[in-house]
Amino acid sequence: MQYDSAVLERVTQQFRRDMWTSVVPVAVAESGVEVERFGPVQATAFGDLPEFVILNQIQGAAEPEAIEGGYLAAAIEWMRSREVHFRIPVASCRPGAPTADSWLDERGFEQTDGWVKLIRSTAPPYPAPDPRITIYELGEEEIDGEALSAIAAEGMNLPMHAGTLFFSLPQRENWRCYTAALAPDEPVVATAAMMINGGVAQFGPGNTLEHARGHGCNTALLRRRLIDAAAAGCEMVVIELWETTPENPSPVARNLLRAGFEIAYAGRTWQRPVLQPALR
């Protein structure tokens, strides 16, 4: 499937930026939830959770002029001033990747887990429907974000107050958010979301509570999003997965490949060496 990597990288930046800018002002003030742009580079920080590098990230390091224009250096200084541990993903297919890799290596950064970008057409076939699973689309009520944020935080092994990043997403115009239950009269146990940008829909990986895994919720939520993305005029969907590589795909990546996704490109991740090996 043909794609423009520049478009996919911009969509991924917006996906993350939307989460950070949807946070209510009191959470910004109390938790240090900030996003800043430096030319083609974007930095997001969650100051109250400095050790969770999944929340503290600099994107766009491989974009044109990121190094030459001083944008990556400025983003790193901004992030350091927040006193958080952070990661810098470098998309291997972008024109500035070799320069970014050399620049980071020379300054003492080390490579850590890889990541992949997967894409798929919104055209059928879709995963088979599962009549056991009940799916709810969120957005009519402000309280809709409560289950979404709680399940997402737990599924990503984050503290519960990190769920503030997801709470208001159902009310955003370009987002579609869902929860799923194993039966109509049971509590919701899984959630998933997508952001629509023109003809591209960025999917989040989806999260299921541990006791409900293996019952088909993620597949049902994937099917629903593919159908809704097609109905919204999207021709392509994209998912970014961390801690996986084309040579050694994670279980989630293997499931997506079986569902018709293909690996578009991969990337490297850089971070400063830290003394605490358990940092995420």
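Overview of values
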quantity: Odd one out for GLU173, checked against (1) under 19 Å from ALA231 (Cα atoms); (2) modelled with pLDDT under 95; (3) in contact with a Ser or Thr (Cβ under 7 Å, 6 or more places away or on another chain); (4) not hydroxyl-bearing (Ser, Thr, Tyr); calculated: (3)
quantity: Residues within the range 182-209 that are free of Cβ contacts under 8 Å to residues at least 40 places away in the same chain, in contact with a strand residue (DSSP E or B) (Cβ under 6 Å, 6 or more places away or on another chain) and surrounded by fewer than 19 Cβ atoms within 10 Å (Cβ to Cβ), tallied; calculated: 0
quantity: In the range 124-142, the residues that are within 27 Å of ASN197 (Cβ to Cβ) and either out of contact with any helix residue (DSSP H, G or I) (no Cβ under 7 Å at 6 or more places or on another chain) or acidic (Asp, Glu) (or both); calculated: PRO124, PRO125, TYR136, GLU137, GLU140, GLU141, GLU142
quantity: Filtered residues of the range 90-127 (kept if in contact with a Leu (Cβ under 8 Å, 6 or more places away or on another chain) and either farther than 16 Å from ILE263 by Cβ or of a type in the set (Gly, Ala, Ser) (or both)); calculated: VAL90, ALA100, TRP103, THR122, TYR126, PRO127
quantity: Selection count, the range 211-227, where residues are small (Gly, Ala, Ser), farther than 11 Å from ILE133 by Cα and not in a helix (DSSP H, G or I); calculated: 1
quantity: The lone exception for ALA66 - which of (1) part of a helix (DSSP H, G or I); (2) farther than 27 Å from PRO170 by Cα it fails; calculated: (1)
quantity: Number of positions in the range 151-174 that are part of a helix (DSSP H, G or I), among the aliphatic types (A, V, I, L, M) and touching a residue at least 24 places away in the same chain (Cβ under 8 Å); calculated: 5
quantity: Residue check, PHE15 within 24 Å of PRO170 (Cβ to Cβ), at pLDDT 95 or above and outside the structural domain of PRO170 (by TED's automatic domain parsing); calculated: yes
quantity: Residue tally, condition closer than 17 Å to LEU8 by Cβ and modelled with pLDDT of 95 or more, over the range 226-252; calculated: 9
quantity: Some residue of the range 20-30 being touching a Cys at 6+ places or on another chain (Cβ under 6 Å) and at pLDDT 95 or above; calculated: no
quantity: Looking only at the range 136-155, and only at residues there that are in contact with a strand residue (DSSP E or B) (Cβ under 6 Å, 6 or more places away or on another chain) and under 11 Å from THR208 (Cα atoms), the one that is surrounded by the fewest Cβ atoms within 10 Å (Cβ to Cβ); calculated: GLY155
quantity: Residue in the range 56-70 that is modelled with pLDDT under 95, surrounded by fewer than 15 Cβ atoms within 10 Å (Cβ to Cβ) and of a type outside the set (A, V, I, L, M) present; calculated: no
quantity: Residues that are exposed (fewer than 12 other Cβ atoms within 10 Å of the Cβ) and farther than 27 Å from ILE88 by Cβ, drawn from the range 105-128; calculated: ALA123, PRO124, PRO125, ALA128
quantity: Output for the range 98-122, where each listed residue is of a type in the set (Gly, Ala, Ser) and without any contact (Cβ under 8 Å) to a residue 40 or more places away in the chain; calculated: ALA100, SER102
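The rows are residues; the columns are (1) outside the structural domain of MET19 (by TED's automatic domain parsing); (2) among the polar types (S, T, N, Q); (3) within 20 Å of GLY145 (Cα to Cα).
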position	(1), (2), (3)
ARG176	yes, no, yes
THR179	yes, yes, yes
PRO184	yes, no, yes
VAL189	yes, no, yes
ALA192	yes, no, yes
GLY206	yes, no, yes
HIS215	yes, no, no
LEU221	yes, no, yes
ALA230	yes, no, no
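Residues are listed down the side, and each one gets a yes or a no for (1) free of Cβ contacts under 8 Å to residues at least 12 places away in the same chain; (2) over 22 Å from PHE166 (Cβ atoms); (3) within 17 Å of the chain's Cα centre (by Cα):
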position	(1), (2), (3)
GLN2	yes, yes, no
VAL7	no, yes, yes
ARG17	no, no, yes
THR21	no, no, yes
ILE76	no, yes, no
ARG94	no, yes, no
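The values are calculated or read from the model by the stated rules, or taken from the named source; none is laboratory data. Since the model is a prediction, treat every value here as computed from it, not as a measurement. Every residue, glycine among them, receives a Cβ derived from its backbone with ideal geometry; neighbour counts consider all protein chains shown.
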